[in-house]
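Asks: After the C-alpha cells below, expect a handful of questions from me.
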Amino acid sequence: GPGPGPGPSPRGQRAVACNAKGGAVPAGKSGLAPWIPVVGLEIHAQISSNSKLFSGSQVQFAAPPNSLVSFFDASLPGTLPVLNRRCVEAAVMTGLALNCSINKKSLFDRKHYFYADLPAGYQITQQRVPIAVNGSLSYSLYIDNKMSQMVTKTVRIKQIQLEQDSGKSLHDDTRSQVLVDLNRAGVGLMEVVMEPDMCCGEEAAAAVRELQLILQTLGSSQAVMAEGQLRVDANVSVHHPGEPYGVRTEVKNINSIRFLAKAVDYEIQRQIDELENGGTILNETRAFDSKLGCTVPMRDKEGKQDYRFMPEPNLPPLILYDAKSLPANMNHQQVINIDWIRERLPDLPSVKREKLVEQYGILPEHSFTLLNEDGLAEFFESVVKQTQMKPKKVVGWILNDLLSYLKQHSLTVKESPVSSFLLADLLNLLEKKEISSTAAKQVLAELWKGEGKTPLEIVKEQKLELLQDQKELEQICQAVIDGHENE
Amino acid sequence: AALKDGLRSQVSAALKEGRVTPTELCQRCLALIKSTKFLNAYITVAEETALKQAEESEQRYKRGQPLGILDGIPIAVKDNFNTAGIETTCASNMLKGYISPYNATVVQKLLDQGAVLLGKTNLDEFAMGSGSTDGVFGPVRNPWSYSKQYKEKSVPKSHSEDEESNWVITGGSSGGSAAAVSSFTCFAAIGSDTGGSTRNPAAHCGVVGLKPTYGLISRHGLIPLVNSMDVPGILTRCVDDAAVLLGSLAGHDPKDSTTIQDDFKPFELPNLTDVSKLSIGIPKEYHVPGLSSEILALWSKAADLFKNAGAKVVEVSLPHTRYSIVCYHVLCTAEVASNMARFDGLEYGHRSDKKESTESMYAATRREGFNDVVRGRILSGNYFLLKQNYEKYFVKAQKVRRLIVNDFIKVFRSGVDILLTPTTLSDAAPYMEFIQEDNRTRSAQDDILTQAANMAGLPAINVPTALSERGLPVGLQFIGRSFQEKQLLTVAKWFEKQIQFPMIQLEEVKRCDNYVFQHQKSASSS
C-alpha cells in the first residue's frame, strides 16, 4: 500500500506551471517522467429567478429559516412539480452563450438518496437528456507573472442540466441534533460540466471567472460564490504522457475563485508526490481546507452509491421550439422559442472586450482587466465621456492608480471615494496642462480622503498650479539663483 | 327522496324543489354511517364540517342559488386524497394523525360546487392491495355480506358459524368508497385506480366504478402509488351519476403537469336506442384461467345482448395481455420505492423515537410506519432500479408497456369502439378465504383483468351486471378509447338499462329510510 512519503510542496509555490501551449512542465523529482495534470469542473449556478424550479415559493438569500418553503418543497404527500418557465429560459440563454446545442426535447429524472436536506428522498435532475450539450468556453489568462501577455484557451462544455438545489443542514453536535432549513430546497440550479481540458489551478480559476462574468451579463445567475450562488467542484488527476488518465479525485468545499486555484494546485501536487513515492490515488471525494490550504478526504466517492435513477413521471418531456419548428397557432406565451431568446442575448464579455479595444484603442490586456472588475468598465467609459484626455491615457490612470488604490483598501468600484466625475475633472486639468502629472498624483491622493473637495480646490490649496507664464518663471528662477549666489 | 335515489334523476330535483333539505340528507347519511359502522367503510367521519356544509347549502337553496347539481349532495372520499383540516391517513401508521394543509384538486372542486364531504373512506394501506384488507384500521366488509340476497343463499358450514365469519371482502383498494356507495351512506364516492382499485371493488359491491382516461382528472393532492398510472376514480350507483361526477371533476389543472390542456366539456348522456353502428370487441386473452364459469357465462350473455340488439360483436386479440401483470409489478414497485422515499419522519407523519443518528431515525420510522406490503414493494422496486438492473427490468418493462399500449391502439384502429370484458375472476371471496394468500399473490390474480387499462391510460368502467349463485354482485367492464368517456358511458348506460341490476336489500337502510317513496326506482333506471 502507499507508504508515508514527504509532504507536498510548501504553500504558495505553484506546483505545476502551464506553458503557453497548455501542457505541463516536468515537476517533482528530477530525472523522472513528466506529469500531465488533468482538471475538469462541475459547476452549480443558482438560477436568478423569483421562484423555485418546480414550485412558487420565493428565492431569497439569508431569509429566516423555513420561511420560503411551499408544500411541494417540504415534500408533502400528493404535491406535484410544475416547471418554472423563467428557469428554462435562463438555461437556454446560458447554453446559447456557451455555444451549446440546445436539446429541443429534454427529460427530467429522479436521483435517489437519503439525506436530511432532501425532503423527497430524491432530487429532480436531468440525467438522461439534459437541456444543452456540446458547447465551449473561451477564457484568457496571463502567460506569466508579469501580466504582460495574454493567451486565450478553450474548455469544452459537456452539458448544462437543470436540477433542484437541496436544503441546508447544520450539525449541532453539542445537542446531538441536526437542524434543517429548507429555504434553499428546490431552488433552480444549472449544472455546467466542463470537460477535463484544463491543466492547473490558474486555468480553472480563469475559466470559472469567465463563466461567472457570462452568467452575470446574461442575468441567468448572479453567480456570487460567497452567497452560494456559484459552487465549483474540481475533478483532478495526473498521468504520464502517453499513458491513460490517472484515477481522479473530486475536490469540494471551494468557496472562492482564489481558493479554487489553490485547491487544484495543491491536489495536483499531492497526487504527484503520492505517486512518486509509490502510493496510489483513491477515487474519493476530498474537501478543501482553506485555513490549512490542503485537501482532506471527505467521504466515499459517489460512484459507490447507487442513485437508482428513474424518469420523473410527473413531468412530461420539456419541448423547446425554434423559428422553424414553432407551430403556427401556438401561443407565444405558452412556448419557449430558442431563436427568440438568441436574438435578445446581450453582448457577452468577450464581445464587450473587443468593442472596448476597437472603440477606445486600448490593449486587450487592459480591456480584460476592465471587465474583470465589477463596474470598472462602466467607470472607465464614464470618465472618457467627461474628459478630453485620450482613452489610451485614461485607462492608465484607471488601471494603475485607481484600481491599485481600490485593491489596497479592499474596496469595490462602487465603494470608490473618487467618482468618475471627480477623476475626469482631475484628468482635464492635466490635459489642459494646468498641472503636471506628478501634481495630479498628489491631487488624487488627496481626493482619496473623500473630503468632498474638488480637484481645482486641492490644486489651489496646495499651490500645485503649473506656471505657464514665461516671465513669471524667469523671475522665480532668478530669485532662486540669487538666493544661492553667496554659497 | 330516498337515500337509494339516483343523484341526477331524483335527489337533485328533490333538493331544488325543497322536498328534502341538504341538512336532512346529511343527517340521514350520518345516521346510516353510524348504524353500518361494522362495515368499517369510513376511517374518519367529518360530522361537524359536513353538517356545516349542509347548512350552507341549504341557505343557497333557500335563496334559489344552488351552485349546481352537486350542491348539498353527500359524498365520501378515499383516505389517500388530501383534505385540509381532516385527517388523511392512507390507512397507514405513517400518516396516522396527519392533517394536511391543503385540499386535493378533486376535493376542492367538489367543495366549490357545494358537495357535502361526509368523511374519508378505508382502503388497503397506501392503496396497495386488492381486498381493502391490509390497512391499519382493519378490513372493510362488503355490505352485500349483510344483504337479504346473500343471506338467503349462504349455507352455514356448521352450527357455530354465523354471519360474523361469513362476511365477504369488498375488493380493493377503494373498498371503503365502494362500500359507502353500496350501502347508501353517500351518493357518490371518490376512489383511486392504479391497477383496478376502483373497478374491482365496484364489481364486488355492485356499484358503477369509472376509471377515467389518464390526464383527464387532476392528481394534485392524490397521494401517489404509481404516478404514471394513478387516476382518481368515481363510484356511483348508476352510470348517469358517474357522468355528473366526471363533468364536475375533469379538466386541466395547472398544478398537475400531466393533465391535458384541452378544454373539457361536461356532457349529459344521451339515451341510446340504436346500437347498430356500434362495434364491440371481445378480447380473447381476457378469457383467463381462473375465470369463474358464472362470469364467463355472463360475459357471453352480455355479448349476445349487444349482438341481438344489432351491434357488431367481434373477437379481438390483445396479444401482450399476459405480460401485463409482470410488467406492472416492475413499474409499480419501482415507482412505489421512489414515492415512498419522502416518508422519513422529518417533515410530517410518524417519527420514531430512535435518535442516535439520522439514518437510524429514518430506518426505524419507516419500519414502524409501513406495513409488510409497502416495505415489500419498496425493496422490490429498489432492486429493479439498481444501476445493474435498470435496463433489464425497468426499461424492459417500459418497452413491454409500449407493446401493450400498441395492442389497444391496433384494435381500436380496426374499427372497434368499445371492448367488453369481465372485471373480476369471480364474485367476492369470504374474508377468511381471501387472507389465506398474501397480498402480492392476490393482487397479481385480481388485477389481471383491470390493469392493462392503467398501463395504456384508457378509460374503463365497471357496470354491475347480475348476482352470482351466492347472491353477490358480479360486474362487467367496458374499455374505451382515450378521452372518449362520452361514448364509453353512453354504451355503459345502455347496457345498464338492459340488465336492470337488482338493488341491495339491507336491513339498516330500510330502518333509516322511513319515507315512502313515490317512485320506487332501482338505481339503474331513469
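Asks: Could you count how many residues in segment B:71-80 are within 14 Å of chain A (Cβ to nearest Cβ) and either surrounded by fewer than 24 Cβ atoms within 10 Å (Cβ to Cβ) or assigned to a strand (DSSP E or B) (or both)? It would help to see each step written out before you state the result.
Replies: Step one: of segment B:71-80, the residues within 14 Å of chain A (Cβ to nearest Cβ) are B:77-80.
Adding the requirement that they be either surrounded by fewer than 24 Cβ atoms within 10 Å (Cβ to Cβ) or assigned to a strand (DSSP E or B) (or both) leaves B:77-78.
So the answer is 2.
Asks: Quick check on B:Ala337: is it within 14 Å of another protein chain (Cβ to nearest Cβ) and in a helix (DSSP H, G or I)? Break it down stepwise before answering.
Replies: On the way: within 14 Å of another protein chain (Cβ to nearest Cβ): yes; in a helix (DSSP H, G or I): yes.
The answer is yes for B:Ala337.
Residue-by-condition table, conditions (1) more than 28 Å from B:Val474 (Cβ to Cβ); (2) surrounded by fewer than 20 Cβ atoms within 10 Å (Cβ to Cβ); (3) at pLDDT 95 or above:
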| residue | (1), (2), (3) |
| --- | --- |
| B:Asn82 | yes, no, yes |
| B:Pro101 | yes, yes, yes |
| B:Ala104 | yes, no, yes |
| B:Asn142 | no, no, yes |
| B:Lys151 | no, yes, no |
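Asks: Okay, next question. For segment A:127-168: of the residues being within 14 Å of chain B (Cβ to nearest Cβ) and not polar (S, T, N, Q), which is farthest from A:Ser51 (Cα to Cα)?
Replies: This residue is A:Arg128.
Asks: Something else: Could we say that A:Gly201 is modelled with pLDDT of 95 or more, within 14 Å of chain B (Cβ to nearest Cβ) and more than 25 Å from A:Asp347 (Cβ to Cβ) here?
Replies: On the way: modelled with pLDDT of 95 or more: yes; within 14 Å of chain B (Cβ to nearest Cβ): no; more than 25 Å from A:Asp347 (Cβ to Cβ): yes.
Taking the combined requirement at face value, the residue does not satisfy it.
Asks: Can I ask one more? Within the bounds of segment B:22-29, is there any residue that is surrounded by fewer than 23 Cβ atoms within 10 Å (Cβ to Cβ) and touching a residue at least 60 places away in the same chain (Cβ under 8 Å)? Before you say what the answer is, go through the steps one by one.
Replies: First pass over segment B:22-29, keeping only residues surrounded by fewer than 23 Cβ atoms within 10 Å (Cβ to Cβ): B:23-24, B:27-28.
This time we only want the ones that are touching a residue at least 60 places away in the same chain (Cβ under 8 Å), so: B:28.
Looking for residues that are surrounded by fewer than 23 Cβ atoms within 10 Å (Cβ to Cβ) and touching a residue at least 60 places away in the same chain (Cβ under 8 Å), one finds at least one in segment B:22-29, hence yes.
Asks: Residues that are within 22 Å of A:Arg184 (Cβ to Cβ) and at pLDDT 95 or above: does segment A:92-105 have at least one?
Replies: Step one: filter segment A:92-105 for residues within 22 Å of A:Arg184 (Cβ to Cβ), giving A:94.
Then keep just the ones that are at pLDDT 95 or above; that gives A:94.
The answer is yes, given that some residue of segment A:92-105 is within 22 Å of A:Arg184 (Cβ to Cβ) and at pLDDT 95 or above.
Asks: Ok, one more. Within segment B:8-18, is there a residue that is away from chain A (no Cβ under 14 Å), among the β-branched types (Val, Ile, Thr) and assigned to a helix (DSSP H, G or I)? Before you say what the answer is, go through the steps one by one.
Replies: Filtering segment B:8-18 down to residues away from chain A (no Cβ under 14 Å) leaves B:8-18.
So of that shortlist, the ones also among the β-branched types (Val, Ile, Thr) come out as B:11.
Checking the rest, the ones that are also assigned to a helix (DSSP H, G or I) come to B:11.
Scanning segment B:8-18 turns up at least one residue that is away from chain A (no Cβ under 14 Å), among the β-branched types (Val, Ile, Thr) and assigned to a helix (DSSP H, G or I).
Asks: Suppose the filter is in contact with a helix residue (DSSP H, G or I) (Cβ under 6 Å, 6 or more places away or on another chain), assigned to a loop (DSSP other than H, G, I, E, B), more than 12 Å from chain A (Cβ to nearest Cβ) and within 28 Å of B:Asp71 (Cβ to Cβ); does B:Leu235 pass it?
Replies: Numbers: in contact with a helix residue (DSSP H, G or I) (Cβ under 6 Å, 6 or more places away or on another chain): yes; assigned to a loop (DSSP other than H, G, I, E, B): no; more than 12 Å from chain A (Cβ to nearest Cβ): yes; within 28 Å of B:Asp71 (Cβ to Cβ): yes.
Answer is no for this residue.
Asks: I'd like to know if segment B:484-492 contains one or more residues that are in a strand (DSSP E or B), touching a residue at least 60 places away in the same chain (Cβ under 8 Å) and out of contact with any His (no Cβ under 9 Å at 6 or more places or on another chain). Let's see the steps before the verdict.
Replies: Kept after step one, since they are in a strand (DSSP E or B), are these residues of segment B:484-492: none.
No, there is no match, as no residue in segment B:484-492 is in a strand (DSSP E or B), touching a residue at least 60 places away in the same chain (Cβ under 8 Å) and out of contact with any His (no Cβ under 9 Å at 6 or more places or on another chain).
Asks: Related question: Being out of contact with any helix residue (DSSP H, G or I) (no Cβ under 9 Å at 6 or more places or on another chain) and either within 10 Å of chain B (Cβ to nearest Cβ) or on the phi > 0 side of the Ramachandran plot (or both) is the requirement here; does A:Leu83 meet it? Steps first, please.
Replies: Details: out of contact with any helix residue (DSSP H, G or I) (no Cβ under 9 Å at 6 or more places or on another chain): yes; either within 10 Å of chain B (Cβ to nearest Cβ) or on the phi > 0 side of the Ramachandran plot (or both): yes.
The answer is yes for A:Leu83.
Asks: Which residues, taken from segment B:384-410, are within 20 Å of A:Met310 (Cβ to Cβ) and in contact (Cβ under 8 Å) with a residue 24 or more places away in the chain? Don't jump to the end; show me each part of the working.
Replies: Narrowing segment B:384-410 to residues within 20 Å of A:Met310 (Cβ to Cβ): B:384-402, B:404-405.
Matches in segment B:384-410: B:Phe384, B:Leu385, B:Tyr393, B:Phe394, B:Lys396, B:Ala397, B:Gln398, B:Val400, B:Arg401, B:Ile404, B:Val405.
Asks: Being buried (at least 19 other Cβ atoms within 10 Å of the Cβ), under 28 Å from A:Lys355 (Cα atoms) and in contact (Cβ under 8 Å) with a residue 12 or more places away in the chain is true for just one of A:Leu376, A:Leu447. Which residue is that? Step through it out loud before you land on a result.
Replies: On the way: A:Leu447 fails: under 28 Å from A:Lys355 (Cα atoms).
Exactly one of A:Leu376, A:Leu447 is buried (at least 19 other Cβ atoms within 10 Å of the Cβ), under 28 Å from A:Lys355 (Cα atoms) and in contact (Cβ under 8 Å) with a residue 12 or more places away in the chain, namely A:Leu376.
Asks: Scan segment B:310-323 and tell me whether some residue there is in a helix (DSSP H, G or I) and aromatic (Phe, Trp, Tyr).
Replies: Checked against the condition, which is being in a helix (DSSP H, G or I) and aromatic (Phe, Trp, Tyr), segment B:310-323 yields at least one hit.
Asks: Could you check A:Ile124 against (1) touching a residue at least 12 places away in the same chain (Cβ under 8 Å); (2) facing chain B (nearest Cβ under 10 Å); (3) not hydroxyl-bearing (Ser, Thr, Tyr) and say which number it fails?
Replies: Against the list (1) touching a residue at least 12 places away in the same chain (Cβ under 8 Å); (2) facing chain B (nearest Cβ under 10 Å); (3) not hydroxyl-bearing (Ser, Thr, Tyr), A:Ile124 comes up short only on (2).
Asks: Turning to a different aspect of this structure: What are the pairs, 6+ residues apart or on separate chains, where a residue within segment B:348-369 that is within 12 Å of chain A (Cβ to nearest Cβ) has its Cβ under 7 Å from a residue that is surrounded by fewer than 15 Cβ atoms within 10 Å (Cβ to Cβ)?
Replies: Between residues of segment B:348-369 that are within 12 Å of chain A (Cβ to nearest Cβ) and residues that are surrounded by fewer than 15 Cβ atoms within 10 Å (Cβ to Cβ), the close pairs are B:Met361/B:Lys355; B:Tyr362/A:Phe114.
Asks: Quick one: which strands (runs of 3 or more DSSP E) lie wholly within segment A:218-320 and hold at least 2 residues that are buried (at least 21 other Cβ atoms within 10 Å of the Cβ) and in contact (Cβ under 8 Å) with a residue 40 or more places away in the chain?
Replies: Output list reads A:230-239, A:249-254.
Asks: Follow-up. In this structure, is A:Arg353 more than 14 Å from chain B (Cβ to nearest Cβ), closer than 20 Å to A:Asn103 by Cα and part of a helix (DSSP H, G or I)? Steps first, please.
Replies: Values: more than 14 Å from chain B (Cβ to nearest Cβ): yes; closer than 20 Å to A:Asn103 by Cα: no; part of a helix (DSSP H, G or I): yes.
No; evaluated as a whole, the condition is false for this residue.
The values are calculated or read from the model by the stated rules, or taken from the named source; none is laboratory data. On a predicted model such as this, the values are computed, not experimentally measured, just so you know. Quick reminder, even Gly has a Cβ in these numbers, built from the backbone with ideal geometry, and neighbours come from all protein chains shown.
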